[in-house]
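Have a look at the structure below before the remarks.
No value in this document is a laboratory result; all are computed from the given coordinates. Worth saying up front: this structure is predicted, and the values here are computed from it rather than measured. All Cβ positions, glycine included, derive from the backbone under ideal geometry; neighbour counts span all protein chains shown.
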2 protein chains.
Amino acid sequence: MARAATTSDVFNAIAEPQRRQILVLLRAGERPVTELAQALGMTQPGASKHLRVLREVGLVRDRKAGKQRLYALDARKLRPVHEWTGGFEQFWNESFDRLDAYVQDLKRARQEKRR
Amino acid sequence: MARAATTSDVFNAIAEPQRRQILVLLRAGERPVTELAQALGMTQPGASKHLRVLREVGLVRDRKAGKQRLYALDARKLRPVHEWTGGFEQFWNESFDRLDAYVQDLKRARQEKRR
DNA sequence: TTGACGAATGCCGATATCGGCATATGATGC
DNA sequence: GCATCATATGCCGATATCGGCATTCGTCAA
């Protein structure tokens, strides 16, 4: 098996720097493909492909507007990522991290002896 | 060019479900490789490889302890991810999202006319 | 219908990924 | 030294990725 498919996995979808850039741009509102491509210095097919990935994981929506197709941000799927990383917030302070690890090690050593 | 290297990129490092699991396990404190491998139902070489990636991006530290090598969480590099996703917090409420897009579209239409 | 424009798709090449297996490296104790 | 346990590394195969290019599809206007 190789790497998990980027589709249907938000973590993978935002692993690509260009795709993150697209999401950032879309915070300012709907944008057509060409405008995104130009803003990020990439080709139109390139932008379309990244947008497809983002659409398939539900991070963007698209709607037809005449000849154009406007892409809009749908950030709800970003929330789980925010919450997952938030679960590590208490470990960001390194000294606390070290302390916690130390405490846990004591606990484990005690359990080991008990068996 | 192919996908950006997972090394030196935290977003890519946590794109792998098994690596995320490892980080979760390490919240409880230091663990040797074998214990992680067993807990996640993967082979020892498999665990070692994932740990290498996590070490190279700075998400875990290791220290020798006799025959064992204990891996510990270093969650500081997770903070940028948390903050990046947090930048989309105001868009999680979908109705607000739609409203904002609408407002931005009006702005753009006005600017377009002005040129 | 034809032409022009915007966007999506298909194919390709180079490369990276992940898992599995065997093997090497490292540290400990006898 | 030698055996043993813990871990790392190397090689492989199957597959997915990303960028580029050409092409197709879709919509609008004359």
Here the whole-number average of other chain Cβ atoms within 10 Å per Cβ of A:18-26 is 2
Quick calc, A:SER8 & A:ASN93: beta-carbon distance into FRET formula, R0 45 Å, rounding 0.05, result 0.85
Expected response for nearest chain B Cβ to the B-A rotation axis, distance in whole Å, is B:ALA15, 2
In units of 2.2 N^0.38 Å, the Cα radius of gyration of segment B:28-73 is 1.04
Total charge of the residues flanking B:ILE22 in space, meaning their Cβ is under 15 Å from its Cβ, with Lys and Arg +1 and Asp and Glu -1, is +4
If labels are modelled 7 Å from Cα along the Cβ direction, A:VAL24 lies from its partners in the other copies at nm distances, smallest first, of 3.0
Its Cα gyration tensor gives segment A:1-90 an equivalent ellipsoid whose semi-axes in whole Å, largest first, are 24, 15, 12
In nm, the gap between the two label points placed 7 Å beyond Cα toward Cβ at B:GLU35 and A:GLU35 is 5.4 nm
Rounded to a whole number, the mean other protein chain Cβ count within 10 angstrom for residues of A:74-82 is 6
For B:ASP74, the residues 5 or more places away or on another chain with a placed amide H closer than 5 Å to its own amide H are B:VAL60, B:ARG61
